[in-house]
1. Given a 1.4 Å probe, how much area per residue of region 199-241 is accessible, in Å²?
2. Tell me the net charge near Arg301. Cut-off is 12 Å between Cβ atoms, Arg301 excluded, with +1 for each Lys or Arg and -1 for each Asp or Glu.
3. Work out, step by step, the length gained on full extension between Phe381 and Glu108: first 0.36 nm times the residue separation, then minus their alpha carbon distance; give nm to one decimal.
4. Identify which of Ile206, Ile141, Ile340 has the largest mean-square fluctuation in a Gaussian network model of the chain, with springs joining Cα atoms closer than 10 Å.
5. For every other residue with a beta carbon closer than 9 angstrom to the beta carbon of Thr47, add +1 if it is Lys or Arg and -1 if Asp or Glu, then tell me the sum.
6. Might you tell me the accessible area per residue for region 61-160, computed with a 1.4 Å probe and given in Å²?
7. Normalising by the residue count of the chain, find the relative contact order in percent from Cα pairs under 8 Å and 6+ residues apart.
8. Mind listing the phi-derived Karplus ³J(HN,Hα) values for region 298-303, rounded to whole Hz, using 6.51, -1.76 and 1.60 with θ = phi - 60°, and x for any glycine or proline?
Amino acid sequence: MTIEEAIAWIHSRKKFGSRPGLDRIQALLNRVDNPEKKVPVIHVAGTNGKGSTVAYLRSILIEAGVTVGSFTSPYIEEFNERIAIDAKPILDSALIHYVQKYQSIVAELDKEPSISGITEFEILTAIMLDYFADEKIDVAIVEVGLGGLLDSTNVVEPILTAITTIGYDHMEILGDTLNEIAQQKAGIIKKNVPIVTGKITKGPLIEIVEKAAAETAKVYRFGEEYQVDYLRPDTIWGELFNFTDHAGKLSSLKVPLLGRHQVENAGVAIELFHLYCEQQGLPFEEKIIQRGLSKAQWPARMEKISDEPLIVMDGAHNGHAIKRLVENVKREFRDYNIKILFSALETKDIDQMLALLSEIPNVQIYLTTFEYPNALDLSRFDKADSRFEVVSLWQFGLGELLEDMGSDDLLLITGSLYFVSEVRQLLLNLGGTNEKS
């Protein structure tokens, strides 16, 4: 079996879509001696901010000498990066091994009507847990796929949990209100397992705190049990901040990613690291945190791909993320003419996303589509709307934008992470850009 065939088989399970519930994944794990019981997990949920929180925490843990697995989605550069140990993606040979192991098991389970149709994400979850158990890692940081309560990752037995943010996304599955969405995400809270919360508004936070109380899980809240004080942008790229919790204050920490929300995500990661240190008897040292943060990489999140011309990519794939993006652009790039190349999935509230992007001064928005299920339907945009220009082929649109750019222009590529990763690959392959991680 080639790696292409292995990945194609995993993707072939996409036809079953998103099917919340734990019966199928549990049946699968029962057939392979329950690896979920052998892997200590830090379980991270949230509408946005999960990925960069995982990246910061992973980097700090590696700096502290901990062998750390990570499970993230979607991938930006290569499929294998979704399952990684010490930030190194699973090898092709290992992924092939697990695919071959699971093919026959999945075929057997498909014969049982109650658990047939195991999905791509469920298979990846099982492979991840099996791989981490086999490799005997110290801890895995597992990012929730969708929601929390019924997400296939919720079979894990965590030592810590976190909820980064609560916003409107996947409402057809998670509910129409922020409180309902919070209830779903609070489903990852387990008995006596501490939970760290990010910057979450009062109503949804009450839902989380009530669930934690029912599970006697101690809550560490942003702005309460720990504080993050934003200072200013770094002179090069990134943000500076102070962090304070029950151990005291850490001053002038720096994250290498741009955006005020990144210091909030880093705060969640630092508090999780502190609790992990207390559980494991490890030293909680500022130098480890600073070095770990400085080495954290999370592509396509306010990532500068090129200085000349200035190109920034941000996978802001829902209204909550776009709002933060608009705040960042208004603050950091107020002297630039902003050109935005945008595409998203029709499952998102595209009208809201575009309305928010239109609030940016000196902006011109170029709408495009890409090869992916439910990608943006350009036919519904009126050509007379001067706010937008429709670009049927993003590759040509990108080329024209790059040709016309001057020193006062910023090209921002945003929307679906699937779209942003496609554009990113092309730009980096061109070699005419100087990548800034």
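1. 55 Å²
2. Here the charged neighbours net out to +2.
3. Gain on stretching Phe381 to Glu108: 93.6 nm.
4. Largest GNM mean-square fluctuation: Ile206.
5. Within the 9 Å Cβ shell, the charges total +1.
6. Accessible area per residue, region 61-160: 35 Å².
7. Taking the mean separation of contacting Cα pairs over the length of the chain, I get 15 percent.
8. The phi angles translate into 8, x, 6, 10, 6, 9 Hz.
The values are calculated or read from the model by the stated rules, or taken from the named source; none is laboratory data. Since the model is a prediction, treat every value here as computed from it, not as a measurement. With ideal geometry, Cβ positions are generated from the backbone for all residues, glycine too; neighbour counts draw on all protein chains shown. Just so you know, the surface numbers come from the protein's heavy atoms only, side chains and all, with ligands and any DNA or RNA stripped out. Shrake-Rupley method; radii C 1.70, N 1.55, O 1.52, S 1.80 Å.
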